[in-house]
Each structure stands twice: as structure tokens, then as C-alpha cells.
1. State, to one decimal in nm and shortest first, how far the label point of residue A:158 sits from each corresponding label point in the other identical copies (label point: 7 angstrom along Cα-to-Cβ).
2. Per residue of A:156-169, how many C-beta atoms from partner chains lie within 10 Å of its own C-beta, taken as a mean?
3. Let me know the charge dipole size of the protein assembly as shown about its Cα centre in debye, to the nearest 20, where only the beta-carbon of Lys, Arg (+1) and Asp, Glu (-1) is charged.
4. Using only Cα atoms, tell me the angle between helix B:25-36 and the longest principal axis of chain B; keep it within 0 to 90° and round to the nearest 10.
5. Hey, what do the phi angles of region B:60-68 turn into as Karplus ³J(HN,Hα) couplings, whole Hz, using 6.51/-1.76/1.60 and θ = phi - 60°, x for Gly and Pro?
6. In region B:45-87, what trypsin sites (Lys or Arg not before Pro) fall in a loop by DSSP, with at most 16 other Cβ atoms inside 10 Å?
7. Mind grabbing the interface size between B and A? I mean buried accessible area, both sides, 1.4 Å probe, in Å² to the nearest hundred.
8. Taking a cut-off of 16 Å between Cα atoms, list the aspartates and glutamates near residue A:39, but don't count ones fewer than 8 places away on the same chain.
Protein chains: 2
Amino acid sequence: MNLSPINERFVLHFGEMGSRWGVNRTVGQMYALLFLSPKALNSDEIAEQLGFSRSNVSMGMKELLSWKLCKLVHKPGDRRDYFETPKDVWEIFRSLVEEKRKREIEPTLTLLRDALMDEATSDEDKHAQERMREMHELIELATGWFDEVQHLSPETLENLMRLGSKVQKVLSFAGHLRPGNRS
Amino acid sequence: MNLSPINERFVLHFGEMGSRWGVNRTVGQMYALLFLSPKALNSDEIAEQLGFSRSNVSMGMKELLSWKLCKLVHKPGDRRDYFETPKDVWEIFRSLVEEKRKREIEPTLTLLRDALMDEATSDEDKHAQERMREMHELIELATGWFDEVQHLSPETLENLMRLGSKVQKVLSFAGHLRPGNRS
DNA sequence: CTATAATTTCAGTAATTACTGAAAATTGGA
DNA sequence: TCCAATTTTCAGTAATTACTGAAATTATAG
């Protein structure tokens with residue numbers, strides 16, 4: 001790995017973190033390398049910089065593409081595939097949440113809905129359904145909320161976040177003026 | 001596994017999901033079993049219901065306790081440890097985010113801060129630092145926001161979420177009345 | 001203190017996941 | 001079309017992670 005110390009530390013760290021986020025070490029490293037890189041890199045460059053096999057890069061990049069964490073670009077007169085990460089960190093964050101939802105949240109919601117449709121006879125099943133109902137409600141609320149706010153512009157979102165819990169005060173103030181809007 | 005079909009499906013599903021959230025299959029199953037259970041269970045009951053070894057349960061429960069996803073309770077006149085999950089799903093969600101932050105976000109922030117302190121000489125390093133600065137800013141903003149809103153009561157939080165993106169309209173309305181509060 | 005019930009540790013092994021290199025497939029130009 | 005550059009697949013193997021059972025430890029009641 002012939003990276004500068006700053007870059008190398010970052011790449012290694014993301015390798016470790018990758019495993020906590022459901023991708024393996026090498027995929028995490030590939031992502032980090034591309035995130036820092038000022039230009040798109042091709043598979044050979046990635047393989048060489050990180051010191052693993054060409055085929056591993058191929059599989060890893062396929063996974064990063066599927067997570068929409070990287071995109072494929074081409075250079076004129078060059079047949080090779082080049083990879084880069086989206087520039088905007090908000091966009092990255094949004095795709096990540098979006099994909100996590102598709103892969104983890106939606107299947108869970110489906111399971112919960114199915115289970116809630118079943119006829120519960122025993123007390124055990126009735127209690128289980130009640131717990132599932134609570135979980136289902138929370139997930140629906142949280143994902144529904146995310147759906148809505150993710151369409152706000154990055155600036156609006158940023159402003160909202162900077163408001164933090166003060167949002168509550170502003171809202172209750174607005175609520176006093178126009179009861180229909182009370183939070 | 002002598003669970004009712006409804007419970008069994010849920011338990012198996014959480015086993016699979018566990019691996020995507022950084023815990024292994026058996027730990028995910030233990031959590032799911034306890035989440036659904038109407039009463040606290042001891043290690044032998046867990047081992048028997050799920051069909052794995054007593055020692056595995058011991059290790060798994062240690063992990064769930066460390067994530068604050070389960071708590072230890074005792075029954076009068078019974079020396080054994082019993083386990084249960086917190087009742088309130090909001091509380092569960094909050095501990096999960098809190099622990100994720102401690103283990104994954106904080107170390108990353110530390111790394112980023114350190115890297116940003118370093119003197120960047122090459123263009124490559126300068127660009128890398130700029131990227132890290134963007135990432136650092138996003139993480140600070142998002143975690144700072146979470147810090148604030150997690151202290152709101154579950155009801156307020158729920159109301160805020162139900163507002164969704166409409167929050168923007170209410171805020172800009174309030175802003176017109178009192179420019180100092182403009183979002 | 002001793003006996004026993006309960007829990008934890010840990011070395012060994014099983015199971016899973018990650019990685020490689022060689023071969024196959026695909027792509028684009030001549 | 002054929003050829004060469006590039007990417008993908010996949011079987012085999014390496015590395016890692018998960019799980020067990022036996023032994024050690026801890027805790028409690030008598």
C-alpha cells in the first residue's frame with residue numbers, strides 16, 4: 001500500500017469499520033480509497049494501491065455499485081472501467097440509508113405485516129403480535145419521516161438539523177398562533 | 001426450536017438480520033426471542049428454546065447486555081440470571097444508536113480530527129483532507145442533531161416525525177412572524 | 001467452611017466467509 | 001469476422017468467525 005500516511009490510516013480504518021456495516025474489510029478499503037481519490041481509478045490501480053487481486057476488486061466494486069456508493073465512469077479512448085464516489089456527502093448518506101432500507105427494513109416490515117395478519121390463538125402469540133405491532137409502528141413512523149425529509153434540499157435539512165431540539169420551541173410557538181398547526 | 005410458527009419466523013428473521021447489524025446469527029435470535037417473550041428468561045430456557053449450547057448463550061447475552069439491548073433481572077429465591085428486553089421500542093432504538101455511536105462514530109471522528117490536524121504537503125493529501133473535512137462536518141452535524149432530539153420526550157418526537165417535511169412550512173411561517181426564528 | 005448451583009472461560013473444532021488465480025466470457029476495434 | 005484488452009466467474013484454499021464441551025470460577029445457602 002503506497003499511500004501517504006494520512007490516506008493509509010483512513011483506508012485502514014474504513015476497512016475495519018466496513019465489517020460493522022455489513023461489508024468486508026477489502027470492500028471498505030476500496031471505498032475509502034475512492035472517497036479520498038481526487039480522480040476516478042480503474043480496477044488495476046485499485047488492486048495495486050491496496051495490494052489485492054484483480055478479481056477481488058471486481059467483486060468488491062460490484063458490491064459498492066450495488067450500494068450506490070460508487071459509480072462507473074469512462075474516459076475517452078480508454079476501454080477500462082473507472083470508479084469514483086459521489087462528491088456530495090449528503091447524497092452518499094442518502095443512498096446508504098435508502099439501500100439499507102430496501103435490504104433490511106422492507107423485508108422486516110413485510111415479515112411483521114404478515115405475522116400481524118395471522119390469527120393468534122394462544123396468549124403467547126397474542127403477546128408476540130402486540131410486540132410486533134409496536135415494532136411495526138416505530139419502523140413505519142421512522143421510515144415515513146425519513147421519506148419526507150430526504151426530499152428537502154440539503155440546505156433546508158442542514159438548517160433543520162442546526163435548529164436541533166429548538167425546533168420544538170418554534171413549533172409550539174407557531175401552534176399558539178394557529179392552533180391547527182400545533183405539534 | 002419449539003416455538004409457535006409466528007414466533008419462529010420472527011426469530012429466524014432476526015438471526016439473519018443480526019449479521020447485517022454487526023452481531024452474529026445466534027445473538028440476533030436470542031434478542032428476538034427475548035423481545036417477544038412475555039416474561040424474562042434464564043440462560044437454560046434460552047439455550048433450550050433456540051437449541052444451542054449454554055456457553056454460547058452466556059457469550060451472546062454478554063454481548064446483548066453490552067449493547068444495552070437486554071437487561072439482567074432476578075427473581076426472589078432464584079439464583080439464576082434472567083434476561084429481558086426493554087419494553088419501550090423508542091428506548092431500544094435510542095440505546096442502539098447511542099452504542100453505535102460510541103463504537104463506530106466516535107472513533108471515526110477522532111481519526112478525522114487527527115488527520116485534519118496533520119500538515120498536508122502534497123496535493124493528494126490536501127485533497128484528502130478536504131474530503132475528510134466534509135465527512136467530519138456531516139457527522140458532527142448529524143450526531144449533534146441526534147444528541148439534541150433524543151432528549152425530547154417520545155411523544156414530542158413522535159409528533160415531530162408525524163409532521164415530516166411539513167415541519168418546514170410551519171417553521172418558515174413562524175419565521176415570517178419573528179424573523180429571528182427563521183429556519 | 002463446604003457443597004452445590006450457576007456462570008464464565010477457553011482450547012479445539014466446525015462453519016462460514018473472504019480471497020486468489022486460472023479459465024471463461026464479454027467488449028470494442030481493426 | 002477475428003483479435004486483443006478487459007472484466008467476470010468460480011472452484012479451490014486461506015483466513016476468520018462462531019460454537020461447543022469440559023474445566024475453572026464465582027456465588028450462595030446451609
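The values are calculated or read from the model by the stated rules, or taken from the named source; none is laboratory data. This is a predicted model, so every value here is computed, not measured. Cβ atoms come from the backbone with ideal geometry, glycine included; neighbour counts cover every protein chain shown. Surface areas here come from the heavy atoms of the whole protein model, side chains and all, with no ligands, DNA or RNA. Shrake-Rupley method; radii C 1.70, N 1.55, O 1.52, S 1.80 Å.
1. Relative to the other copies, residue A:158 has label-point distances of 3.4 nm.
2. On the way: counts 6, 5, 4, 4, 6, 8, 5, 7, 9, 10, 3, 11, 8, 2.
Counting Cβ atoms of other protein chains within 10 Å of each residue's Cβ and averaging gives 6.
3. Working: 52 positive and 58 negative charges, 137 e Å.
Using Cβ point charges on Lys, Arg, Asp and Glu, the protein assembly as shown gives about 660 debye.
4. Roughly 80 degrees, rounded to the nearest 10.
5. Karplus values, whole Hz, x for Gly and Pro: x, 5, 4, 5, 5, 5, 5, 8, 6.
6. Values: sites: B:54, B:62, B:68, B:71, B:79, B:80, B:87; in loops: B:68, B:79, B:80, B:87.
Loop-located and lightly packed - B:68, B:79, B:80, B:87.
7. Values: alone 12730 and 12760 Å², together 19040 Å².
Roughly 6500 Å² of accessible surface disappears when B and A pair.
8. Cross-link targets: A:48, A:78, A:81, A:84, A:88, B:123, B:124, B:125, B:130.
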